[in-house]
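K.L.:
Below: one structure in structure tokens.
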Amino acid sequence: MIIKQIHLSQKEKDRLIRLKAKTGITQWNVLCRWAFCYSLMNPTIPYGPPIPSDSNVEMAWQTFGGDCHELYEALLLQRCEEDGIGTDPASVAHYFRLHLNRGINYLSSKKGPKNKEELLNLVNMKLEKG
């Protein structure tokens, strides 16, 4: 397990609350998985300073990933290697947070999905484009 606990920022929490209302998906971990995967589909490297952990939303890595937590770990480590990011625990944890934050920001933006169907279509369109 590369990350033990995930602590969201207050901004991320607020954005996820809006995303919950738009999509009807009520669980933080499910929305975070969508956000993380959406960011991974973006070929650019996410940059930024450390993201604060100033909300009361936190989850264990196994809660984030569910039955597929090992798959999410493998995807993250592969992306770290592809992007030339170190695979030490601190680098991996920071890179994960950058991806999660970028995904949450996009999905909750005005350009993001307006409902559950648009969320599914967004992913389908990305997969079809390759």
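The values are calculated or read from the model by the stated rules, or taken from the named source; none is laboratory data. Bear in mind that the values here come from a model prediction, so they are computed numbers and not experimental data. Every residue, glycine among them, receives a Cβ derived from its backbone with ideal geometry; neighbour counts consider all protein chains shown. These area figures cover heavy atoms from the full protein model, side chains too; ligands, DNA and RNA do not enter into them. Shrake-Rupley method; radii C 1.70, N 1.55, O 1.52, S 1.80 Å.
K.L.:
Between S53 and V30, what is the spin-label point distance in nm, taking each point 7 Å from the Cα along the Cα→C-beta axis?
P.N.:
The modelled label-to-label distance comes out at 2.6 nm.
K.L.:
Evaluate the charge dipole of the stretch 1-116 about its Cα centre and quote only its size in Debye, nearest 20, assuming +1 on the Cβ of each Lys and Arg and -1 on the Cβ of each Asp and Glu.
P.N.:
Working: 15 positive and 11 negative charges, 182 e Å.
So the dipole magnitude of the stretch 1-116 works out to roughly 880 debye.
K.L.:
Over the chain, average the accessible area per residue using a 1.4 Å probe and give it in Å², no decimals.
P.N.:
Working: 7320 Å² over 130 residues.
Result: 56 Å² per residue.
K.L.:
Using the Kyte-Doolittle scale, find the helices of the chain whose mean hydropathy is at least -1.0 and whose Cα atoms extend 18 Å or more along the helix's long axis, counting only whole DSSP H runs. Let's see the in-between values first.
P.N.:
Details: long enough: 10-23 (20 Å, -1.56); 28-41 (20 Å, 0.81); 69-82 (20 Å, -0.50); 89-107 (27 Å, -0.07); 116-129 (20 Å, -0.56).
Membrane-span-like by this criterion, though nothing is claimed about a membrane: 28-41, 69-82, 89-107, 116-129.
K.L.:
Over 27 Å between C-alpha atoms is what I'm after, so list which of K4/K111; K13/K111; K13/K114 land there. Spell out each step's value before the answer.
P.N.:
Numbers: K4/K111 32 Å; K13/K111 19 Å; K13/K114 18 Å.
Correct reply: K4/K111.
K.L.:
Given Cα pairs under 8 Å that are at least 6 residues apart, what percent is the relative contact order of the chain? Please report the intermediate quantities before stating the final value.
P.N.:
Numbers: 146 pairs, mean separation 52.0, N = 130.
Answer for the chain is 40 percent.
K.L.:
With volume of the Cα convex hull per residue in Å³ as the read-out, I listed (i) 177; (ii) 125; (iii) 107; which label goes with the value calculated from this structure?
P.N.:
Matching entry in (i) 177; (ii) 125; (iii) 107: (iii).
K.L.:
Determine the share of the stretch 31-130's accessible area contributed by carbon and sulfur atoms, expressed in whole percent, with a 1.4 angstrom probe. The partial results should precede the final answer.
P.N.:
Details: 3120 of 5640 Å².
Summing carbon and sulfur atoms, their accessible area is 55 percent of the total for the stretch 31-130.
K.L.:
With the dipole of the stretch 1-89 worked out from charges on the C-beta (+1 for Lys and Arg, -1 for Asp and Glu) around the Cα centre, which of I6, N29, C68 lies farthest toward the positive end?
P.N.:
Result: N29, furthest along the dipole toward the positive end.
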